[in-house]
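I have placed the structure first, in the form of structure tokens, so that the comments after it can refer back to it.
The values are calculated or read from the model by the stated rules, or taken from the named source; none is laboratory data. From a predicted model like this one, the values you see are computed outputs, not experimental measurements. Using ideal geometry, Cβ is built from the backbone for each residue, glycine included, and neighbour counts are taken over all protein chains shown.
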Amino acid sequence: MIIKRFQQLLALCCMGLFLANCGGGKQEAEDEIPDVDPMTNLGIGPVKSLELGELDQTMADEGKKLYDAKCTACHNIKTKMIGPPQAGVLDRRTPEWVMNMIINPSEMIKKDPTARHLLKEYNNVPMTEQGVTEEEARKILEYFRTM
């Protein structure tokens, strides 16, 4: 009786290990993220084209207030936190990408290669939806131009 129970338990453990390992190849395929040039990537969202003119200091000041209220729990200007630092972000990303990431982080993380790379780099902690409007994102972007 004890041997039969042991055999059943062993069979269940083996089956569990087998099932746990099934589909491993699929996960590896999902982890493959295509490389794209971050300086040509516009991201996924409503911002398709953006021409930056002279710095609008009033807009930047409003953007700083928005950044302080909505972003500083996870971001710091110069150091890595839960999310990447923002200083020099426009040297690394297009303005359109930055705005789309602020406005549309969930879809960006699912579909945009650059956002997916960042997600992996930052321990798979996704950027949360802050309900930022396009106008607010533009002000935050203007603030980033001052860094």
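Answer with yes or no whether SER106 is assigned to a helix (DSSP H, G or I) and not β-branched (Val, Ile, Thr).
Details: assigned to a helix (DSSP H, G or I): yes; not β-branched (Val, Ile, Thr): yes.
Yes; evaluated as a whole, the condition is true for this residue.
Please go through the stretch 115-140 and pick out each residue that is of a type in the set (Val, Ile, Thr) and at pLDDT 95 or above. So that I can check it myself, show each step before the final result.
Taking the stretch 115-140 as the starting set, the residues that turn out to be of a type in the set (Val, Ile, Thr) are 125, 128, 132-133, 140.
If the condition is that a residue be of a type in the set (Val, Ile, Thr) and at pLDDT 95 or above, then VAL132, THR133, ILE140 are the ones that fit.
Sort out which residues of the stretch 45-94 are free of Cβ contacts under 8 Å to residues at least 12 places away in the same chain, within 22 Å of ILE109 (Cα to Cα) and either outside any loop (DSSP other than H, G, I, E, B) or of a type in the set (S, T, N, Q) (or both), and write them in order of number. Once the filter is applied, which keeps residues that are free of Cβ contacts under 8 Å to residues at least 12 places away in the same chain, within 22 Å of ILE109 (Cα to Cα) and either outside any loop (DSSP other than H, G, I, E, B) or of a type in the set (S, T, N, Q) (or both), the stretch 45-94 yields THR72, ASN76, THR79, ASP91. Here PRO84 clears all of (1) within 11 Å of the chain's Cα centre (by Cα); (2) of a type outside the set (D, E, K, R); (3) at positive phi except the condition numbered (3). On inspection, ILE103 qualifies as assigned by TED's automatic domain parsing to the domain that holds ILE140, among the aliphatic types (A, V, I, L, M), buried (at least 18 other Cβ atoms within 10 Å of the Cβ) and closer than 19 Å to THR133 by Cα. When the stretch 79-95 is filtered for residues that are out of contact with any Cys (no Cβ under 8 Å at 6 or more places or on another chain), closer than 25 Å to GLU32 by Cβ and surrounded by 15 or more Cβ atoms within 10 Å (Cβ to Cβ), the ones remaining, listed by number, are PRO84, ARG93, THR94. Scanning the stretch 59-76 for residues that are farther than 12 Å from ILE140 by Cα and buried (at least 18 other Cβ atoms within 10 Å of the Cβ) yields a count of 1.
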